[in-house]
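Trainee: Have a look at this one before I ask anything.
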Amino acid sequence: MAEVLMGVDMGTGSSKGVLTTASGEVLATAVRKHGMSLPRPGWAEVDAVQVWWQDFVDICRELAGSIDGRPLAGLCVSGVGPCLLLADEHVEPVRPAILYGIDMRATTQIAELTEHFGAEAILERCGKVLSTQAVGPKMRWVARHEPDLWKRARRWYNSNSYVVARLTGEYVLDHHTASQSDPLYDLRQRGWASDWVEHVAGHLEMPRLVWPEEVVGTITAEAAAATGLPQGTPVCPGTVDAWSEAFSAGVRQPGDLMLMYGSTMFFVQVLPALVAHPLLWTTSGVERGQYTLAAGMSTSGSLTSWVQDLTGGVTFEQLVAEAAEVPAGSDGLVVLPYFAGERTPIFDAQARGVVAGLSLRHNRAHLFRAVYEGIAFGIRQIVEFLDGESTPISRLVAVGGGTQGGLWTQIVSDVVGRPQVVPRQTIGASYGDALLAAIGTGLVPPDTDWAVAGRVVEPNPEARGLYDTLFSVYEDLYPATKPFVHVLAELQEARFAGT
């Protein structure tokens, strides 16, 4: 019987798995929704055992029922990142995992490490300046604020590398995730920056560096019993979910840009050569020798979910239908989508959401559409920035759950003024994982691409003038409200002082 591949991804709001053939045919899928812990403003954590590992086990057991006796040739894992999961020598977490850039607790440590190493030196060596996306400052935060837990820790993991360790016993980290774990990785040398590692990570053992498609081990007897998968199945480490999703969508040539519509909005652009900019993230790519440029917004799908919760008792489909009846521009409503601070392009942990122009005429449909438009204005800022800092963008590829309804992607194309390609297969990062497993196990050549173009979302030229006007308002709104919003952010954080 023909061999099959499995890919599993642990995302921000859910974990997803897929079973495929070596030609990319989807045989089965599985999904497990989960949440994250927000114990304080600016903090975002997850229980690695109860969320990442348990989701993975549940998905594997569900997908195992669809294997039907066919050989499982390989498995690959991706997940949110870069995260900081501290664990002991037995892969037992000592505290919840601290999530990627949406966790903004380590601002003091960002400043301290930047002063210690120098902003220019960090940009030159790591391809980006330190931000809330960086792992190193979060290590220093734990060392300072939770010293007993820091002393217990022996190793650190990302979401995918933690699952790989549970599966195989191997302590590894893929080059791409490592290249986001600033300031620990030397991007130009493609290896650990050992002199900086000693200062930042202290006593922690560093993982062995591998490539996302590389077979790093096989499923142990213990892991086979937990997951229902065959012992001895080859395991590939995968990478950060956004990059695996870009890989699944065929974003692999210079000038390709992926827009990932998820709980957060993420951008990945393939570069012809290494370039660095202080407001963007240059990283190692999924494929060997490749570099990518990236940017991220802190909220997107999570903000639309907030509106749904706020309105109460309304289905998401109903909100979308109502918003589709609201004219472009939401009758003069503009939203700054900084409800969890913001990453690109302002990198402001104390930024907060602003709803400007509210009147008694506005209703929930106006607010919902204005949220879509506010996110789209943020996307336009970043796309224009990316287009001017590297290879001109030749193709926008839209992926993620937010592409399914149609309204959101149409608004984005209208605001940005560019067409978006939506692949026919939109399963996401887990589909890219399955392809990486197929490549890593030698079932298909390294240049194999499973992506097939589906629909193209063309911009509506009639909306351009109005959106240009509102985009100008959007760009002016943040600097105009920043000092007042920072006061409010400090008040929000004040009640947690000393806890």
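The values are calculated or read from the model by the stated rules, or taken from the named source; none is laboratory data. What you see is a predicted model, and the numbers here were worked out from it, not measured in a lab. Cβ sites come from the backbone with ideal geometry, for glycine too, and all protein chains shown count toward neighbours. Just so you know, the surface numbers come from the protein's heavy atoms only, side chains and all, with ligands and any DNA or RNA stripped out. Shrake-Rupley method; radii C 1.70, N 1.55, O 1.52, S 1.80 Å.
Trainee: If you scan the stretch 378-413, which residues turn out to be of a type in the set (D, E, K, R) and assigned to a helix (DSSP H, G or I)?
Mentor: Within the stretch 378-413, Arg380, Glu384, Asp387, Glu389 meet the criteria.
Trainee: Can I ask one more? Quick check on my filter: what residues within the stretch 292-308 are of a type outside the set (Gly, Ala, Ser) and farther than 18 Å from Gly405 by Cβ?
Mentor: Thr292, Leu293, Met297
Trainee: I've got another one for you. Does Thr177 count as crowded, with 24+ Cβ neighbours inside 10 Å and among the hydroxyl-bearing types (Ser, Thr, Tyr)?
Mentor: yes
Conditions (1) open to solvent by less than 10 Å² (accessible area, probe 1.4 Å); (2) within 20 Å of Ser181 (Cα to Cα); (3) in contact with a His (Cβ under 8 Å, 6 or more places away or on another chain), marked per residue:
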site	(1), (2), (3)
Trp211	no, yes, yes
Ala223	yes, no, no
Gln231	no, no, no
Asp241	no, yes, no
Ala246	yes, yes, no
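Trainee: Has the stretch 447-455 got any residue that is closer than 25 Å to Arg369 by Cβ, under 26 Å from the mean Cα position of the chain (by Cα), at pLDDT below 95 and not hydroxyl-bearing (Ser, Thr, Tyr)?
Mentor: So far as the stretch 447-455 goes, yes, one or more of its residues are closer than 25 Å to Arg369 by Cβ, under 26 Å from the mean Cα position of the chain (by Cα), at pLDDT below 95 and not hydroxyl-bearing (Ser, Thr, Tyr).
Trainee: In the stretch 90-108, what count of residues is obtained for those that are more than 21 Å from the chain's Cα centre (by Cα) and either open to solvent by 30 Å² or more (accessible area, probe 1.4 Å) or closer than 12 Å to Asp182 by Cβ (or both)?
Mentor: Matching residues across the stretch 90-108 total 4.
Trainee: For the stretch 325-344, what are the residues that are of a type in the set (A, V, I, L, M, F, W, C), touching a Ser or Thr at 6+ places or on another chain (Cβ under 6 Å) and not in a strand (DSSP E or B)?
Mentor: Of everything in the stretch 325-344, just one residue is of a type in the set (A, V, I, L, M, F, W, C), touching a Ser or Thr at 6+ places or on another chain (Cβ under 6 Å) and not in a strand (DSSP E or B), namely Ala340.
Trainee: Continuing with the same structure: Can you tell me which residue in the stretch 315-373 is surrounded by the fewest Cβ atoms within 10 Å (Cβ to Cβ), limited to those that are of a type in the set (Ser, Thr, Tyr), in contact (Cβ under 8 Å) with a residue 40 or more places away in the chain and closer than 27 Å to Val487 by Cα?
Mentor: So the residue we want is Thr344.
Trainee: Can you name the condition, by its number, that Ala64 falls short on among (1) open to solvent by less than 40 Å² (accessible area, probe 1.4 Å); (2) without any contact (Cβ under 8 Å) to a residue 12 or more places away in the chain; (3) among the small types (Gly, Ala, Ser)?
Mentor: (2)
Trainee: Being under 28 Å from the mean Cα position of the chain (by Cα) and in a helix (DSSP H, G or I) is the filter; apply it to the stretch 489-499 and report the residue that is surrounded by the most Cβ atoms within 10 Å (Cβ to Cβ).
Mentor: Ala489
Trainee: Moving to a separate point now. Among the residues that make up the stretch 376-388, is at least one of them within 30 Å of Thr282 (Cβ to Cβ), of a type outside the set (A, V, I, L, M) and open to solvent by less than 10 Å² (accessible area, probe 1.4 Å)?
Mentor: yes
Trainee: For residues that are under 15 Å from Glu373 (Cβ atoms) and surrounded by fewer than 12 Cβ atoms within 10 Å (Cβ to Cβ), tally how many sit in the stretch 456-474.
Mentor: 3
Trainee: A further question on this structure: Yes or no: Gly262 open to solvent by 20 Å² or more (accessible area, probe 1.4 Å) and either over 21 Å from Trp52 (Cα atoms) or within 18 Å of the chain's Cα centre (by Cα) (or both)?
Mentor: yes
Trainee: Oh, and also: What number of residues in the stretch 234-260 are at pLDDT 90 or above, assigned to a strand (DSSP E or B) and out of contact with any Leu (no Cβ under 9 Å at 6 or more places or on another chain)?
Mentor: 1
Trainee: I need the full set of residues from the stretch 439-470 which are assigned to a helix (DSSP H, G or I), within 22 Å of Val412 (Cα to Cα) and of a type in the set (Val, Ile, Thr), in order please.
Mentor: Thr469
Trainee: Just to verify a result, which residue in the stretch 377-398, among those that are at pLDDT 90 or above and among the hydrophobic types (A, V, I, L, M, F, W, C), is farthest from Trp243 (Cα to Cα)?
Mentor: Phe377
Trainee: Still on this structure, please answer the following. Is there any pair with a first residue in the stretch 200-220 that is more than 11 Å from Arg155 (Cα to Cα) and of a type in the set (Gly, Ala, Ser) and a second that is modelled with pLDDT of 95 or more and assigned to a loop (DSSP other than H, G, I, E, B) whose Cβ atoms are under 7 Å apart and which are 6 or more apart or on different chains, and what are they?
Mentor: Short answer, once both residue conditions are applied: Gly217/Gly169; Gly217/Glu170.
Trainee: Something else about it: Residue under question is Arg40, and the condition is that it be basic (Lys, Arg), modelled with pLDDT of 95 or more and either surrounded by fewer than 17 Cβ atoms within 10 Å (Cβ to Cβ) or within 23 Å of Asp103 (Cα to Cα) (or both); does it hold?
Mentor: no
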